[in-house]
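The values are calculated or read from the model by the stated rules, or taken from the named source; none is laboratory data. All figures in this text were calculated on a predicted structure; none of them were measured in a lab. Quick reminder, even Gly has a Cβ in these numbers, built from the backbone with ideal geometry, and neighbours come from all protein chains shown. To get the accessible areas, we keep the full protein, side chains included, count just its heavy atoms, and leave off ligands, DNA and RNA. Shrake-Rupley method; radii C 1.70, N 1.55, O 1.52, S 1.80 Å.
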Amino acid sequence: MSGRFLSIGECMVELSQAGAGLLRKGFAGDTLNTAWYARACLPAKWSVDYFTAVGDDAMSDEMLAFFEEAGIGTGLIRRIKGKAPGLYMISLKNGERSFSYWRESAAARQLAADPDILRQAIESADVIYFSGITLAILSHNDADTLLSEARRAKASGKLVAFDPNIRPRLWSGYDEMHATISEGARAASLVLPSFEDEALHFGDASIDATIQRYRALGVRDIVVKNGADGITLNFGGTETFVASEKVETVVDTTSAGDSFNGAFLAHYLERPDAPAAARFAAKVAARVVSEHGALVAKGKLGV
Ligand code: AMP
């Protein structure tokens, strides 16, 4: 099979500590990370595109050049006059990382503000991926627009994949967060939650409770990630457990779930064998947590 994989969301400028008071600039964001790993794992006959909005400043230009360099298509990306990308900085204190964000006025917040452009982008794709973070950064109205386009894509038979990626600080309240994430799942054919988040924020007592909750929302296929403790798949009611890979030393878990999703989808699109895709994705995610940073080069992934 071949086609276009479209990931929708926000990529930010990342500033990390480079020693002696210097900062290193990078680009990252959950849906961009997933596009990165999908690109690394899919054969060349697939195109991988990112859909977001950027500004017209030099940093937006650099960001688009970075995507292109990674083989991620930018042709669908909106450019908004007078705007700039969001930014976050990673601080280190006694080995503990903390994050500061400047993203309230980011161009990406308007990614769904033009319904026609969003529809064209989704219509041009065969597979659509978005997350709870994508929904969280949008206005109510724009989140509704994205959800209705995702439902339309699902109804037309496209694979629509959704990672709830629950980040309470991005939401104005728990009720809104629960309701909108549930709508995101309802609009998807495949949901890839992380059990730790679901237990913490939805109160799920077990992986089975997570699966039942998403099944009740009409999701056909569910992949529950649970860190080092393995992956539980429920595809159309058939349940399988896949063990995580053993990792000698966990260096940095940033992007573990995002890389798993990109690798899982890449494998699954080529061969619809969900347990095999999960075994492959567990290998890729294990390499990612063994390295620093969100975006690990293809050469280090063993793919
Ligand atoms: P999570 O979102 O934390 O459940 O992690 C996503 C995926 O990354 C998991 O399904 C595992 O495949 C992998 N992973 C995360 N943490 C570890 C770990 N400590 N050891 C091995 N694999 C891991």
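Summary table below
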| quantity | calculated |
| --- | --- |
| Coil-residue chymotrypsin sites (Phe, Trp or Tyr not before Pro) of the range 214-266, DSSP, other Cβ within 10 Å capped at 16 | none |
| Computed accessible area, M89, all protein chains, 1.4 angstrom probe, square angstrom | 50 |
| Cα-based radius of gyration of the range 157-247 once divided by 2.2 N^0.38 Å, which approximates compact folds | 1.06 |
| 5 angstrom amide H check on D56, placed H, neighbours 5+ away | I80, G82, K83 |
| The range 1-111: C-alpha gyration tensor shape, a/c 1.5 cut-off, then a/b vs b/c | oblate |
| The range 62-111: trypsin sites (Lys or Arg not before Pro) in DSSP coil with no more than 10 other Cβ atoms inside 10 Å | K81 |
| Cα gyration tensor shape for the chain, rounded if a/c is under 1.5, else prolate or oblate | rounded |
| Among beta bridges that DSSP assigns inside the range 103-236, antiparallel share in %, nearest 5 | 35 |
| DSSP bridge pairs, the chain: antiparallel proportion in percent, nearest 5 | 50 |
| The chain, accessible surface, carbon-and-sulfur percent (1.4 angstrom probe) | 50 |
| Heavy-atom surface of the range 1-149, accessible at 1.4 Å and reported per residue (Å²) | 42 |
